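Worksheet for the structure shown next.
The values are calculated or read from the model by the stated rules, or taken from the named source; none is laboratory data. These numbers come from a predicted model, not from an experiment. Every residue, glycine as well, gets a Cβ built from its backbone with ideal geometry; the counts of neighbours run over all protein chains shown.
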Amino acid sequence: MYPDKAPPTDVRTTRRHGTATRRRLLAAALVVPLALGAAACGGDDESSDPNKPVELSIFWWGAEGRATLTEKALELYHQKHPNVTFKKTWQANQGYFDKLATLTAGGNAPDLFQIDDNYIAEYAGRNVTLDLTSYAGDGRLDMSKFPPGLKEYGTVDGKLAGVAFGENTQGLVYDKTLLDKFKLPAPKTGMSWDDYISWAENVSKTAKVPGTQDASAVYQAYWVWLRQRGKDLYKGKELGFDEQDVTAWFELWKGARERGATPTPDVIHEGNATDISKQLVVTGKAATSWVWANQMPELKKNTKDELGVVAYPGDPKAQWARASMYFSVFRGSPNKDQAVDVLNFLANDPEAGKILGTDRGLPSNLEVRQVVADSVTDPSMKQTIAVQNELGKTFGPAPAVPLKGHSKVRSELIRVAEEVQFGRQTPAQGAAAFVAAAKAAIGQG
Amino acid sequence: MTTVRTAQSRIEPVRPGPADRQGPRRRRHSENLPGYVFLSPWLLGLLAITAIPMMLSLYLSFTDYDILTPLSEVNWVGWDNYRRMFTSDPSYWHAVQVTVTFALVAVPLKLAAALAVALLLNRAIRGIGLFRGLFYLPSLLGGSVALAIVWRSMFSRDGSFNSFLAFFGIEGAPWVNDPRFALETLMVLAIWQFGAPMVIFLAGLKQVPAELYEAASVDGAGTWSQFRNVTLPMLSPVIFFNLVLETIHGFQGFTAAFVLSNGTGGPVDSTLMYTLDLYIKGFVELNMGYASAMAWVFLLTIGLITVVLFRTGRFWVHYSDAEEH
């Protein structure tokens with residue numbers, strides 16, 4: 001199968017130099033131009049001709065519904081600016097950030113890309129995103145109609161790294177059809193955690209469907225609960241909680257599991273997937289799921305049952321207006337100004353706003369939000385708007401954008417919480433493990 | 001598969017030719033030229049797709065490369081990545097343990113299943129071609145994502161496997177979602193795809209001269225004795241070939257673990273195979289320098305295991321042509 005002598009390249013190198021060191025040098029010689037090549041990509045040659053044809057690449061994650069809406073909105077921009085065309089790419093959330101990272105590494109990052117809290121600090125911290133501060137300053141990017149919290153939320157280390165493309169907040173979604181069938185009351189905004197767990201226990205007993213998904217692995221539920229205790233997920237560049245907090249959180253849910261308020265650990269594990277179609281409230285394996293309010297329409301597509309949404313238990317003041325996701329501009333894009341103009345259009349144009357609806361969350365621009373609220377026809381979008389407006393009255397101050405390492409903190413919470421759910425660790429052991437892992441993830445000494 | 005190829009080509013000794021080659025070199029060179037020209041598409045591919053990226057990853061394994069930072073700005077960190085792997089990364093050793101367990105169980109069982117089925121199919125009965133095709137089918141679907149998805153739904157709590165067990169009054173478990181069974185479910189999936197080694201075994205069995213069996217039965221050997229004293233020794237080169245290939249394959253398992261756990265290695269890291277951990281470190285946590293170091297340790301380890309297998313092979317692999325010399 002193999003030739004009895006080495007491949008010719010090797011033969012030649014070794015003959016000429018005779019040592020292995022030389023081969024290593026050759027390798028280095030191959031590496032260097034490659035490195036320079038990747039670095040050399042992306043200049044900033046803006047042309048002054050406003051009508052020269054421009055193709056902008058744009059990349060987002062989401063389901064087909066989002067793709068249809070986004071493509072329509074981009075088409076509208078194209079009609080107004082016929083010289084601008086789009087190269088549109090979209091895919092499911094799983095694998096999206098792998099692809100974005102790979103494209104970035106190759107110097108081929110899209111001109112415009114969607115991003116969220118998990119990675120915005122990573123990308124901004126490494127100067128992949130264009131700093132939009134000057135654009136926002138001179139009005140080329142109009143953020144004046146944004147609520148202040150949303151604008152600040154896209155700011156990392158003093159640089160505006162992304163434009164918030166929707167506002168959402170935590171939403172506890174419940175299966176209304178199931179509850180009605182057994183004449184059970186719906187959960188209410190403002191009920192205490194203990195009341196909520198008792199309610200769920202009652203649902204389990206009556207309806208024979210577990211009353212609530214176990215939230216111990218759900219970071220945003222933990223976060224709200226921390227804020228209700230006067231703590232936070234992060235404080236400056238450090239963790240905003242300690243082992244006692246995590247222990248208490250794990251104990252709360254251990255109690256809920258023992259009372260039969262939640263499904264068994266293997267089912268909880270299924271529901272811990274980020275995929276919307278696997279949420280237990282739509283797979284019928286629990287009466288509630290811990291999601292974001294803007295995900296209602298997508299959840300609705302996965303079930304025949306009617307769904308309702310309320311705030312997470314406890315004081316709703318702990319919830320906040322969160323930027324559900326952002327669009328950022330690649331710093332190496334050859335058409336930065338044009339790309340920012342597209343963002344400006346998508347965020348502020350009422351017609352574009354009407355097309356996009358609440359798919360990414362409530363529109364960031366408050367005037368557009370009003371237009372959308374007046375014109376929207378999709379019933380689950382209507383429901384989202386009503387609930388978020390209701391919750392919006394009691395919103396507390398928004399926390400800072402999560403730290404670099406946030407996605408690792410999230411995956412560690414899932415891992416440790418599942419250890420506790422499967423009974424492989426006590427809440428206290430789990431808490432110690434999670435605090436250690438979270439500190440390592442954000443680089444806190 | 002890339003790593004398989006590279007693993008082998010690294011083991012293949014590449015030594016400078018002896019001095020006496022100097023004389024006829026020029027003439028041979030011109031004779032070989034057309035050969036190299038015809039080989040060049042493959043050589044260029046090897047260089048561009050395998051050799052250069054490999055060398056680059058070796059370099060990156062000594063840096064803090066994080067994918068997003070341009071290569072020109074990475075920092076040289078010396079042996080830090082390697083040190084961290086062996087001393088302060090708890091998930092690393094866990095992944096090693098999961099992978100070794102997987103390979104130790106799945107590889108021998110897969111080979112045993114392949115050999116057993118090959119023996120059954122090595123006879124002249126009606127419709128044998130159809131049977132062979134059917135048994136080979138699962139491995140045609142080999143690394144397929146669809147198969148892993150089917151597996152996931154078959155072996156969940158309300159999956160068809162549990163319905164099947166319920167027929168016999170057995171209460172199943174939530175196999176893929178239970179840390180006690182998730183890895184075992186992966187092993188079963190791997191073992192079930194025994195088609196490729198089976199076909200090779202079948203070819204090997206066809207090569208065993210019928211006279212040997214005739215002679216053995218004249219000497220009074222029963223079925224078991226024939227299997228032990230004729231089939232196994234005659235088949236040992238094929239067994240060895242399959243063992244080496246499947247061991248490498250077993251260590252590299254990724255797709256099924258990735259799909260079954262949604263890319264997390266869960267539940268609670270029970271399916272965190274080495275390659276999956278490597279992927280998470282590189283692409284999710286953006287520590288590509290560290291992931292490169294992991295890949296190199298992995299490559300060297302598989303290389304070492306292969307060398308060990310070759311060494312032990314001397315004691316039990318029987319090449320019939322060796323005795324003719």
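For region A:282-301, a residue qualifies if it is within 14 Å of chain B (Cβ to nearest Cβ) and touching a residue at least 60 places away in the same chain (Cβ under 8 Å), and the qualifying residues are A:G284, A:K285, A:A286. Residue check: A:K88 meets all listed conditions (1) within 14 Å of chain B (Cβ to nearest Cβ); (2) of a type in the set (K, R); (3) within 23 Å of A:D337 (Cα to Cα) but one, namely (1).
For every residue, the table says whether it meets (1) more than 14 Å from chain A (Cβ to nearest Cβ); (2) closer than 30 Å to B:F62 by Cα.
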| residue | (1), (2) |
| --- | --- |
| B:Y82 | yes, yes |
| B:S88 | no, yes |
| B:W93 | yes, yes |
| B:N122 | yes, no |
| B:G129 | yes, no |
| B:L134 | yes, no |
| B:L141 | yes, no |
| B:M154 | yes, no |
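Whether a residue is under 16 Å from the mean Cα position of the chain (by Cα), more than 14 Å from chain B (Cβ to nearest Cβ), touching a residue at least 12 places away in the same chain (Cβ under 8 Å) and within 30 Å of A:K237 (Cβ to Cβ) was assessed, and A:D117 passes this test. Applying the condition of being among the charged types (D, E, K, R) and under 23 Å from B:V105 (Cβ atoms) to region B:144-187 and asking which residue is modelled with the lowest pLDDT yields B:R152. Of a type outside the set (G, A, S), touching a Ser or Thr at 6+ places or on another chain (Cβ under 9 Å), under 21 Å from A:Q114 (Cα atoms) and assigned by TED's automatic domain parsing to the domain that holds A:R126, is that true of A:F345? Considered against the rule, which asks whether it is of a type outside the set (G, A, S), touching a Ser or Thr at 6+ places or on another chain (Cβ under 9 Å), under 21 Å from A:Q114 (Cα atoms) and assigned by TED's automatic domain parsing to the domain that holds A:R126, A:F345 comes out as no.
For region A:95-108, filtered to residues that are within 9 Å of another protein chain (Cβ to nearest Cβ) and farther than 24 Å from A:D275 by Cβ, the residue that is modelled with the highest pLDDT is A:T104. Helices (runs of 4 or more DSSP H) fully within region B:82-163 that include at least 3 residues being touching an Asp or Glu at 6+ places or on another chain (Cβ under 7 Å): B:90-121.
Out of region A:140-157, which residues are modelled with pLDDT of 90 or more and out of contact with any helix residue (DSSP H, G or I) (no Cβ under 8 Å at 6 or more places or on another chain)? Passing the criteria: only A:S144.
Residues checked against (1) of a type in the set (A, V, I, L, M); (2) within 14 Å of another protein chain (Cβ to nearest Cβ); (3) under 25 Å from the mean Cα position of the chain (by Cα); (4) farther than 29 Å from A:G443 by Cβ:
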site	(1), (2), (3), (4)
A:L233	yes, no, yes, no
A:W249	no, no, yes, no
A:R259	no, no, no, yes
A:L280	yes, yes, yes, yes
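When restricted to residues that are touching a Phe, Trp or Tyr at 6+ places or on another chain (Cβ under 8 Å) and of a type in the set (A, V, I, L, M), region B:149-180 contains 3. One residue alone among B:M198, B:M234 is assigned to a helix (DSSP H, G or I), among the aliphatic types (A, V, I, L, M), over 18 Å from the mean Cα position of the chain (by Cα) and within 28 Å of B:G129 (Cα to Cα), and that residue is B:M234. Once region B:260-277 is narrowed to residues that are surrounded by 22 or more Cβ atoms within 10 Å (Cβ to Cβ) and assigned to a helix (DSSP H, G or I), the residue that is farthest from the other protein chains (Cβ to nearest Cβ) is B:Y274.
Filtering region B:44-57 to residues that are within 7 Å of another protein chain (Cβ to nearest Cβ) and either surrounded by fewer than 19 Cβ atoms within 10 Å (Cβ to Cβ) or not in a helix (DSSP H, G or I) (or both) leaves B:I52, B:L56. Just one of the listed residues (B:E214, B:E285) is out of contact with any Cys (no Cβ under 6 Å at 6 or more places or on another chain), within 13 Å of chain A (Cβ to nearest Cβ) and of a type in the set (D, E), and it is B:E285.
Kindly establish whether A:K87 is surrounded by fewer than 16 Cβ atoms within 10 Å (Cβ to Cβ) and part of a strand (DSSP E or B). When the stated conditions are applied, A:K87 passes them. Give the residue, chosen from B:T231, B:T275, B:T264, B:T247, that is under 30 Å from A:G405 (Cα atoms), of a type in the set (S, T, N, Q) and modelled with pLDDT of 90 or more. Selected residue: B:T275, the only one of B:T231, B:T275, B:T264, B:T247 that is under 30 Å from A:G405 (Cα atoms), of a type in the set (S, T, N, Q) and modelled with pLDDT of 90 or more.
Regarding B:A118, is this residue of a type in the set (G, A, S), closer than 30 Å to B:L183 by Cα and at pLDDT 95 or above? No, not satisfied. In the condition set (1) outside any loop (DSSP other than H, G, I, E, B); (2) farther than 22 Å from A:I385 by Cα, A:N93 is compliant with all but (1). Just checking, does region B:162-172 include any residue being crowded, with 19+ Cβ neighbours inside 10 Å and over 19 Å from A:T283 (Cα atoms)? Within region B:162-172, none of the residues are crowded, with 19+ Cβ neighbours inside 10 Å and over 19 Å from A:T283 (Cα atoms). Here is the figure for region A:171-229: residues that are buried (at least 18 other Cβ atoms within 10 Å of the Cβ) and in contact with an Asp or Glu (Cβ under 7 Å, 6 or more places away or on another chain) total 6. For region A:286-304, filtered to residues that are at pLDDT 95 or above and over 21 Å from the mean Cα position of the chain (by Cα), the residue that is farthest from A:H269 (Cα to Cα) is A:A287.
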